[in-house]
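The values are calculated or read from the model by the stated rules, or taken from the named source; none is laboratory data. Everything numeric here is computed off the predicted structure, so don't read it as measured data. Note that we place each Cβ from the backbone using ideal geometry, even for glycine, and neighbour counts take in every protein chain shown.
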Amino acid sequence: MKDRKTLFIIFGATGDLAQRKLYPALFNLYQKGFLKDKFAVIGTARRPWTNEHLQEVVRNSVADMEYSALEINQFASHFYYQSHNVTDTQHYETLNKLADQLDKKYDIGGNRIFYLATSPAFFGTIAKHLRTQKLVTENGYNRLVIEKPFGHNLKTAKDLNDSISKYFDEKDIFQIDHYLGKEMVQSIYAIRFANPIFSSLWNNRYISNIQITVGEVLGVEERAGYYENVGALRDMVQNHILQLVSLLTMNAPVAYNADDIEREKISALKSLKIYEPDEVSRNFIRGQYGPAYGMPAYREESQVSKDSMTETFVAGKIQVNNMNFADVPIYIRTGKRMAVKGTRIDVVFKDMPNNIFSNEKLNPNVLTINIDPNPGTSLRLNEKEVSETSYPVSSVTMNFRYSSALKAKTPEAYEKLLFDVIKGDATNFVHWKEVEYSWKFIDAIREAWDQNGQDPAIFPNYECGSMGPREADELLIRDGNYWEFNPLR
Ligand code: BG6
């Protein structure tokens, strides 16, 4: 398990993702001994950096972690930099020479992980040259790691997939959705499939509805240039939220392993009801934040058009038409500049068929899965209140929250996912078919919005610091439901 042999070649090594996530994740793996003497990292990008400069950047990216300068220096000494133009075949030859040299120096045995932290526009070109310029070794494993966004719609996603899968086998492509590396997201399998009380109730006979909220307090910050062309539906729903939907509604896999889980996730996403254009406005609503509390409206952010029609908030009702979930509405919402930063799932169970108590209405049982920022689960039950004269029933909540010690011990999503790539474990990655079915669902909504509703006056329609537009509440009220997670109540 320890001291894995791996050569990482990171394309886009000068970028934000590498510095904020990848270097700290690799450092943690190094500290734990999973990477030790037999690994090296080649960082590439267009900029003319030197090995020393990259090592300096690496040291800075882990500087606030509590380790000695000696340990940090030893770790950084495994990093090498190669300036690289992804379209120039000669550059791949130079890269390959360095890779072979490091392979010998660190006794790596031909294992290579190519991490594409670049714009997806380059994925196909890089994959092709890695193969044709023979950076793919014969004696070890060769894995390609890619990041979102995977396409802008189904067509561009298909083109992208074709351009990569010509050169790499599906089994060697690791598509990251960082939500799948979160501890509580992975915990959904245990909650559902290790507890008879939940596994037996996890269907449309007992579940009334499921609610998924991914709230963010931050606005678009310095990413406005990217976000303007993407919006919340593509940025958050197509990937993270639909992945959560698949974990919550898939049938039980035969076993907890990549193949069995992939099969069931694909099947759940294939079962998504695709909305007709006239169904979209009833089932999906969008928002864009206006100013409040001294914060600017989205349209006032730099790099954003004054009459931008980009949505910074989405709420919707999703239907998964498989045997267990047909007729269970799955309400989702996500947005920038909301009241709280919080990712949370509420599974709301159906009412008792008959209420024998004098209470007019009993609260439903609710299983809450808190993903961020305070991981844990809670279960709302009804119990007798203390009273000598009558029999009042009220709700109590059983809470399990990670202690601060447990939280501190929990590996960050990228650390877990990178280690999975090293181990070759694809359980918590996204398969192409999942991407395909997700885009089919998203495209139907996007196309309906693009055809109607381009009137700039519909935005802004929610205030910074709120839980989104009023219509996001009405979506549930119409069905006799309400959001369980309401931090403003
Ligand atoms: C990213 C989106 O995929 O996820 C960002 O592009 C968003 O817009 C981020 O802020 C949210 O991730 P997390 O882990 O902070 O919930």
ASN359 versus (1) farther than 30 Å from GLY231 by Cβ; (2) touching a helix residue (DSSP H, G or I) at 6+ places or on another chain (Cβ under 6 Å); (3) of a type outside the set (A, V, I, L, M): which is the lone unmet condition?
-> (2)
Selection within the range 164-186 - among the small types (Gly, Ala, Ser) and either crowded, with 22+ Cβ neighbours inside 10 Å or touching a Pro at 6+ places or on another chain (Cβ under 8 Å) (or both) = GLY181
All but one of (1) within 19 Å of the chain's Cα centre (by Cα); (2) under 23 Å from ASP420 (Cα atoms); (3) more than 15 Å from the ligand (Cβ to nearest atom) hold for GLN211; which doesn't?
-> (2)
In the range 284-308, which residues are within 15 Å of PRO469 (Cβ to Cβ), buried (at least 16 other Cβ atoms within 10 Å of the Cβ) and not basic (Lys, Arg)?
-> PHE284, ILE285, GLY287, GLN288, TYR289, GLY290, ALA297, TYR298
Pairs, first closer than 28 Å to ILE146 by Cβ in the range 175-204, second at pLDDT below 95 and within 16 Å of the ligand (Cβ to nearest atom), C-beta under 6 Å, six or more apart | ILE176/GLU147; GLU183/THR410
Looking only at the range 417-467, and only at residues there that are in a helix (DSSP H, G or I) and polar (S, T, N, Q), the one that is farthest from GLU147 (Cα to Cα) | GLN451
Residues that are in contact (Cβ under 8 Å) with a residue 40 or more places away in the chain and assigned to a loop (DSSP other than H, G, I, E, B), drawn from the range 468-489 = GLY468, PRO469, ASP479, ASN481, TRP483, GLU484, PHE485, PRO487, LEU488
Answer from LYS384, LYS440 - the residue that is away from the ligand (no atom under 16 Å from the Cβ), in contact (Cβ under 8 Å) with a residue 40 or more places away in the chain, surrounded by fewer than 17 Cβ atoms within 10 Å (Cβ to Cβ) and not aromatic (Phe, Trp, Tyr) = LYS440
Qualifying positions in the range 307-323 - closer than 20 Å to TYR482 by Cα and free of Cβ contacts under 8 Å to residues at least 60 places away in the same chain = GLN319
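Within the range 51-78, how many residues are outside any helix (DSSP H, G or I), within 28 Å of the chain's Cα centre (by Cα) and without any contact (Cβ under 8 Å) to a residue 40 or more places away in the chain?
4
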ASP346: out of contact with any helix residue (DSSP H, G or I) (no Cβ under 6 Å at 6 or more places or on another chain), acidic (Asp, Glu) and over 20 Å from VAL396 (Cα atoms), yes or no?
-> no
Among the residues of the range 216-226, is any at positive phi and either surrounded by fewer than 16 Cβ atoms within 10 Å (Cβ to Cβ) or within 14 Å of the chain's Cα centre (by Cα) (or both)?
-> yes
